[in-house]
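To start, the structure itself, in C-alpha cells.
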Amino acid sequence: MGLEIVIEAELHPTEDVEKVKNAILNIFPDARLEILAGEIRGISHSVDTLGKILKEMRIRDAARSVFLSNLYDDEIVFSISKQAATVGKVNFSVGNVPLGDIKIIMRGENLREIVDMIAPDTRKLS
C-alpha cells in the first residue's frame with residue numbers, strides 16, 4: 001500500500017530508553033528505531049499490530065474518529081500515550097501528557113482504505 005509510518009518520542013532524562021523503545025515496538029513491531037539526543041525516531045510500514053490492538057480493546061470507532069479528524073491530504077497525524085504503549089495498549093493523547101507521548105505520522109496513498117481496514121465503522125445503521 002506504500003504506507004510509511006514516522007514515529008517520534010521525546011526522551012525525558014528520567015526515562016529508561018529501553019522501556020520507551022519497547023513501548024513503540026509493542027505497537028509497531030517492525031519499526032526501525034534510532035536513538036538521538038533526547039528522542040527516539042523510527043519508521044514502520046505496518047499497521048497490523050495497531051489494528052489488532054484497536055480491535056481487542058474495542059476502540060475502533062474512537063480510533064476511526066481520531067484518524068479521520070487528523071487526516072490531511074496524504075497523512076494522518078496523532079499521538080498515543082507512552083505509558084499505555086508500554087503494556088501494549090493504545091490511548092490517544094490529547095493535550096499535555098505527564099509522561100509524554102508518541103507522535104505518529106502515517107503517510108501514503110489511500111489512507112482512508114487503511115483507516116477502513118484497521119478501524120472500520122462498527123456502528124449499526126438503523
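In a residue-by-residue description of region 85-92, the property of being without any contact (Cβ under 8 Å) to a residue 12 or more places away in the chain, out of contact with any Gly (no Cβ under 9 Å at 6 or more places or on another chain) and among the small types (Gly, Ala, Ser) applies to no position. Within region 22-46, being under 18 Å from Ser81 (Cβ atoms) and β-branched (Val, Ile, Thr) holds for Ile24, Ile27, Ile40. Scanning region 1-30 for residues that are surrounded by 12 or more Cβ atoms within 10 Å (Cβ to Cβ) and among the polar types (S, T, N, Q) yields Asn22, Asn26.
Could you grab me the full set of residues in region 21-45 that are within 15 Å of Lys103 (Cβ to Cβ), out of contact with any Leu (no Cβ under 6 Å at 6 or more places or on another chain) and β-branched (Val, Ile, Thr)? Across region 21-45, the qualifying residues are Ile24, Ile43. Looking only at residues of region 31-60 that are surrounded by 14 or more Cβ atoms within 10 Å (Cβ to Cβ) and in contact with a Ser or Thr (Cβ under 8 Å, 6 or more places away or on another chain), we find that the one that is farthest from Thr122 (Cα to Cα) is Ala31.
Scanning region 61-84 for residues that are in contact with a strand residue (DSSP E or B) (Cβ under 6 Å, 6 or more places away or on another chain), buried (at least 19 other Cβ atoms within 10 Å of the Cβ) and charged (D, E, K, R) yields a total of 1. Note down all Cβ pairs under 7 Å where the first residue falls in region 2-17 and is without any contact (Cβ under 8 Å) to a residue 40 or more places away in the chain, the second is part of a strand (DSSP E or B) and not hydrophobic (A, V, I, L, M, F, W, C), and they're at least six residues apart or on different chains. Listed pairs, sorted by first residue: Leu11/Glu39. Do we have Ile24 as in contact (Cβ under 8 Å) with a residue 24 or more places away in the chain, farther than 19 Å from Pro120 by Cβ and either out of contact with any strand residue (DSSP E or B) (no Cβ under 9 Å at 6 or more places or on another chain) or β-branched (Val, Ile, Thr) (or both) here? Spelling it out, Ile24 is indeed in contact (Cβ under 8 Å) with a residue 24 or more places away in the chain, farther than 19 Å from Pro120 by Cβ and either out of contact with any strand residue (DSSP E or B) (no Cβ under 9 Å at 6 or more places or on another chain) or β-branched (Val, Ile, Thr) (or both).
None of the figures in this text is laboratory data; all of them are computed from the coordinates on show. Quick caveat: nothing in here was measured; it's all calculated off a predicted structure. All Cβ positions, glycine included, derive from the backbone under ideal geometry; neighbour counts span all protein chains shown.
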